[in-house]
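Structure record follows, encoded as structure tokens.
The values are calculated or read from the model by the stated rules, or taken from the named source; none is laboratory data. Predicted, not measured: the structure shown is a model, and the values here were computed from it. Neighbour counts are summed over all protein chains in view; Cβ atoms, including those assigned to glycine, are modelled from backbone coordinates with ideal geometry. SASA here: full protein model, heavy atoms, side chains in, ligands and nucleic acids out. Shrake-Rupley method; radii C 1.70, N 1.55, O 1.52, S 1.80 Å.
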Amino acid sequence: MKEYLTTALQKWRISLEERQIEALLSYVSLLLEYNQHTNLTAIREEKAVLEKHILDSLLLQEFIPEEAKTAIDIGTGAGFPGMVLAICNPHIQFTLMDSVGKKTKFLEVVKESLQLENVEVVNARAEDYIQISKRREYYDLGFCRGVSKLAVILEYMIPFLKVGAFFLPQKMVGTEEEKKAENALQALKSCIEEEYIRRLPYSEDERLILKIRKEERTEKKYPRKVGVIIKKPL
């Protein structure tokens with residue numbers, strides 16, 4: 001499995017330390033073991049986990065600016081992409097957020113097992129947490145993979161980001177969610193600066209990565225109350 005991972009990293013010219021590669025492999029082992037008694041992911045075969053979760057998350061590595069110090073992954077699930085990127089970017093403090101307790105419990109296990117001092121695990125809904133925390137307009141980077149429609153996740157994410165910060169969502173190619181999110185982008189004073197298509201190294205599945213920049217401060221009325229965001233997207 002190590003060769004399977006390192007071959008892809010070499011192809012993408014991603015340079016990781018040996019301890020980071022070992023940490024990623026340990027992460028996979030922990031996930032597969034934990035998944036035997038707690039359903040975290042439908043993908044259960046080792047090579048598939050490496051490509052569909054680990055390497056899929058690492059597609060974002062090339063877009064992380066060197067000056068970034070803080071990052072948030074909303075709806076992180078079993079830690080994708082946030083935990084993977086935290087392992088590979090120890091200089092960035094990551095907040096991994098999910099509302100499902102069994103998933104955040106697993107993330108705590110990973111954090112402790114791998115001794116990750118740059119990871120904070122939060123079990124909460126984003127629209128609730130931003131009201132009780134001091135994290136409004138706090139983060140340099142935002143991540144979200146496969147959670148809801150873009151117009152919806154924008155309202156969860158953008159209020160957490162600093163002005164000038166970037167949100168890097170991953171989407172399937174061809175959904176045209178970015179076009180349907182124009183109203184949300186305008187309301188949240190953000191814009192899509194770039195769109196990138198990347199391929200996974202073995203399956204060659206395509207992924208769309210959006211580079212969204214927050215241009216101005218977010219109005220305090222966003223995010224709206226629990227349930228409203230999904231029922232009435234911007």
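Of note:
- Residues considered: E206, E219. Of these, the only one that is touching a Gly at 6+ places or on another chain (Cβ under 9 Å) and over 15 Å from V152 (Cβ atoms) is E206.
- Where a residue in region 217-228 is within 24 Å of D140 (Cβ to Cβ) and its partner, wherever it lies, is assigned to a loop (DSSP other than H, G, I, E, B) and open to solvent by 50 Å² or more (accessible area, probe 1.4 Å), with Cβ under 7 Å and at least six apart: T218/K189
- The lone criterion from (1) under 23 Å from E17 (Cβ atoms); (2) open to solvent by 30 Å² or more (accessible area, probe 1.4 Å) left unmet by R125 is number (1).
- Selection over region 87-118 of residues that are of a type in the set (A, V, I, L, M) and within 17 Å of C144 (Cβ to Cβ) gives a count of 5.
Residue-by-condition table, conditions (1) within 26 Å of A8 (Cα to Cα); (2) aromatic (F, W, Y); (3) open to solvent by 10 Å² or more (accessible area, probe 1.4 Å); (4) free of Cβ contacts under 8 Å to residues at least 40 places away in the same chain:
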{"residue": "L50", "(1), (2), (3), (4)": "yes, no, no, no"}
{"residue": "I54", "(1), (2), (3), (4)": "yes, no, no, no"}
{"residue": "A78", "(1), (2), (3), (4)": "yes, no, no, no"}
{"residue": "A86", "(1), (2), (3), (4)": "yes, no, no, yes"}
{"residue": "G101", "(1), (2), (3), (4)": "no, no, yes, yes"}
{"residue": "E108", "(1), (2), (3), (4)": "no, no, yes, yes"}
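- Within region 21-48, the set of residues being in a helix (DSSP H, G or I), at pLDDT below 95 and within 22 Å of C144 (Cβ to Cβ) comprises A48 only.
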